[in-house]
Structure formats: C-alpha cells, structure tokens
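Structure, as structure tokens:
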Amino acid sequence: MPHFKSLRAAALMGATLLGVATPLAAANANTHLVSYHSSYDAGTIVISMSQRKLYLVLDDGRAIQYPVAVAKPGKEWLGSARIQGKYSHPDWTPPAVVKHDHPGLPNFIPGGSPRNPMGVAAMTLDRDQIAIHGTTSSMRASIGSRASYGCIRMLNEDVADLYGRVDVGTAVVMQP
C-alpha cells in the first residue's frame, strides 16, 4: 500500500491530479473484450481476486478485461469503493508496513523513476492507502499473482489504458 500523502503533495507541486483523463501511452495494452453479464452499471470496475482480473463493465453485456496483481493473504479487502483521485507519474513514499518488510527501500521515490512501484499512473480509492496503479519493469512478473499490500497492480500499458477510460467517482467493486 503506498503512502498517498506524497501523491497529494505531488499533485499540488506539479504532478497531474485530474478529474478528466489525460492521454498516456497505452499502446500494446493487454486488454481483452470479453462477455460479461452482471448487475453492475456500465463504467463500473469489478476486480476478481480469485481470477486476478480487473473488468471495466461496458453497456452491452461485455467488459474490458485486464490481468492484475491483487493483495497478499492478510492484506486483501472486499466490497465497494470509488476512484478518489487520478495521478500521472505519482511520487511514492513507502508506508510503515512496506518499509518494515523492505528496510532497504528509500523513504521517497519520485514520479517517473524506473524504481517507482506506482508506475505511469495511479487511481486512488476512497479506502485507506489503496490504489489501482502501474508497476516497475522488475515487478511485471507479479501480475497475475497475490503480491501487493492491498493495491491493485497493473502493467503500465494497461493502467494507462484504464486511466483514459474512467473518471474520478467511478465505482470499484472487489470480489473474492
């Protein structure tokens, strides 16, 4: 789980905090258009922990499906949330639990750094220190696993694609 005070501070100091999508390079996104019949409204993000997939519900019985990494055992959450903020190339400060597990991490990693685990974009949720975000090239292999501290980790090309399709206020549902 990232520490989002730095994201908010970064937004105030020049990082992009948006309610409207900003174009990010989304070429080669790993999206799949799939049949998806549910009771959720079009535009809702549904995350399946067991499938390790994120679905953006469309209005025609289909969804855009993305592979994701979900929370490690003991760090997971279930239920509803909303996108609270959108950040392009956010700064990151590791929260205490992450720093405890990885004491060699720096106290601050600037946005755009190849070592920044937030990747090219982050969409914070209205839950404590939870986001849907990109990743580093060294962490790409974690996609499809249970690897995070509660966040939803996506490939950078996928988070850029999703970022351009959703707005602040978008509903997010985490399912088992």
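Rule-based calculations on the coordinates, nothing more; no lab input. Just so you know, these numbers come straight off a predicted model, no measurement behind them. Note that we place each Cβ from the backbone using ideal geometry, even for glycine, and neighbour counts take in every protein chain shown.
Key figures
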| read-out | value |
| --- | --- |
| Residue selected from segment 30-57 under the condition hydrophobic (A, V, I, L, M, F, W, C) and in contact (Cβ under 8 Å) with a residue 24 or more places away in the chain, by the criterion surrounded by the most Cβ atoms within 10 Å (Cβ to Cβ) | Ile45 |
| Residue list for segment 59-87, restricted to those being over 11 Å from the mean Cα position of the chain (by Cα), among the aliphatic types (A, V, I, L, M) and surrounded by 12 or more Cβ atoms within 10 Å (Cβ to Cβ) | Ala63, Ile64, Ala71, Ala81 |
| Hits in segment 87-111 (condition: touching an Asp or Glu at 6+ places or on another chain (Cβ under 8 Å) and either closer than 21 Å to Ile45 by Cβ or in a strand (DSSP E or B) (or both)) | Ile109 |
| Residues of segment 128-163 satisfying the condition of being more than 13 Å from the chain's Cα centre (by Cα) and in a loop (DSSP other than H, G, I, E, B) | Asp128, Gly144, Ser145 |
| Some residue of segment 115-123 being over 13 Å from the mean Cα position of the chain (by Cα), assigned to a strand (DSSP E or B) and within 17 Å of Tyr55 (Cβ to Cβ) | no |
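Every residue, every condition in (1) over 26 Å from Ala96 (Cβ atoms); (2) of a type in the set (S, T, N, Q); (3) without any contact (Cβ under 8 Å) to a residue 40 or more places away in the chain, yes or no:
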| site | (1), (2), (3) |
| --- | --- |
| Pro106 | no, no, yes |
| Thr124 | no, yes, no |
| Thr136 | no, yes, yes |
| Ile143 | no, no, no |
| Ser148 | no, yes, no |
| Cys151 | no, no, no |
| Met154 | no, no, no |
| Val168 | yes, no, no |
| Ala171 | yes, no, no |
